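Right, one structure below, let's go through it.
Each value in this text was obtained by applying a stated rule to the coordinates, not by laboratory testing. All values derive from a computational prediction rather than experimental measurement. Glycine also receives a Cβ, built like all others from the backbone with ideal geometry; neighbour counts cover every protein chain displayed.
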Amino acid sequence: MAVGDFGASAVGSDGSKAELMTGGVIRMRKDGSDLEIYARGTRNTYDVAISPRLDLLALDNTNDGDGWDMRLHHLTPLAHMGYPNLFKNFGDEAMPPLFVYGTGSGCGALYLEEPGFPEKLNNRFHTINWGRVYSHSLTPHEATFINEDKVTVSINKMVDLDVDGSSRLYFANFEGGGARIEPGAIVGHIVQAKPDGWKNRPFPELEQATPEALIGFLDVRSNVLRQQAQAVLIRSKSPGIGSLLEKATRNTASALESRIAALFAINLRNEPESAKVIAGFLADEALREYALRALLDRKDRDKLDLAKTISTFLDDANPRVRLQAIVGVRKLGLVHLTGKLLAMSVEAPRKPLKNGVAHQHEAIPHTAYRALVELAPLA
């Protein structure tokens, strides 16, 4: 959940607390439990898009005396994005943005992965800058990305976008709106758009589907259908669901997105053997990052003995695994590993922004530094 620059003092349904003095992203379960601060230091983040590989992207703006720049954030755990007082004089303490656009007003965001859309639009993030859609081509680099984008759609005063399970896009605009709206005024409308050659593809009746069919829906190239099928599998009381999900997670012939969906369905079902099953996937290099993230995800079960595992993964060849291991040090309060974090926090010296683009090797040092800050009271 994106929180604006006035901050929040939130209490979850289970008594968990999350307090932000500025903007940020708060994470919680559907029932309002397990509140935690995911990232902080944002200002006016209207929307956060999440990809099937669990990356978060958002547009934001600055202004702490350093202009009204619009920034593209890759939001990672523990990150401080810079607001309200780091941009101008303490930039080396903030997570660098993927891109700085200059003046703008960031609005909606969406990850699009649906059948029928052309390659230039599909399997990528899209964000809105008050009337213009930026389509982002993100190249993985270290624990984050290098961004390239271009404007693909322009609609006056457009503020948000979404897609349904039949490959229809919807754009919302604020036509006729303003700071003051007269009673009875008609403000805004919704525009529907379809890819060329679109054919109606009725959405399956998931509640009537068999467990085997639901597992099959995890392996389609539709993020909407995959998410909805996953939700039904998580709720299902049918016997054998856990075994089917484990088999789907092990299926290396499936796309990584499908295996991640199956893995986190195991995690969210939270059965007695779930943690043990998930731990078995730490040996799988493709899933290691996600298995570690899932094991650290829940506060209501035994974390196994992860201290040694996390210590090992701080040296993993995959920087995304190293980032999750740093998060694990913070979540489990492993103060005996702060020496390793200190070394990781100075891996790469800060270089200035060049043409609005940050050097993309700083996610690991920044996350290690932020973990040290949060561990300090425990030391």
In nm, the gap between the two label points placed 7 Å beyond Cα toward Cβ at Arg29 and Val11 is 1.9
FRET efficiency (Ser243, Glu19; Cβ distance; R0 56 Å; to 0.05) is 0.85
Contour minus Cα-Cα span, Ala255 to Asn200, at 0.36 nm per residue, comes to 17.3 nm
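Using the Cα gyration tensor of segment 234-327, with a ≥ b ≥ c the square roots of its eigenvalues, what is the shape: rounded (a/c below 1.5), prolate (a/b larger than b/c) or oblate (neither)? Each step should come with its number before you reach the end.
On the way: a/c = 2.35, a/b = 1.40, b/c = 1.68.
Taking the square roots of the gyration eigenvalues as a ≥ b ≥ c, segment 234-327 is oblate.
Taking loop as defined by DSSP and a crowding limit of 16 other beta carbons within 10 Å, which trypsin sites (Lys or Arg not before Pro) in segment 75-142 fit?
On the way: sites: Lys88, Lys120, Arg124, Arg132; in loops: Lys88, Lys120.
Sites meeting the loop and neighbour criteria: Lys88, Lys120.
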Treating only Lys and Arg (+1) and Asp and Glu (-1) as charged, each at its beta carbon, one finds that the chain has a dipole about its Cα centre, in Debye to the nearest 20, of 240
So the FRET efficiency between Asn123 and Asn270, C-beta based with R0 = 25 Å and rounded to 0.05, is 0.25
The distance between the Cα centres of segment 22-73 and segment 154-190, in whole Å, is 22
Extension length gain for Ala317 and Trp68 (0.36 nm per residue less Cα distance), in nm, is 85.8 nm
Checked against the positive end of the charge dipole of the chain (+1 on Cβ of Lys and Arg, -1 on Cβ of Asp and Glu, about the Cα centre), the farthest of Pro84, Phe6, Leu282 is Leu282
Sparse-neighbourhood loop hits (GluC sites (Glu not before Pro), segment 38-142; DSSP loop; Cβ within 10 Å at most 12 others) -> Glu119
So Ala185 and Ala286, fully extended at 0.36 nm per residue minus their Cα-Cα distance, gain in nm 31.0 nm
Rounded to the nearest 0.05, FRET efficiency between Thr309 and Ser137 (Cβ-Cβ, R0 25 Å) equals 0.15
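Using the number of other C-beta atoms within 10 angstrom as an exposure proxy, rank Met344, Met21 with the fewest first. Each step should come with its number before you reach the end.
Values: Met344 24, Met21 13.
Ascending number of Cβ neighbours within 10 Å: Met21, Met344.
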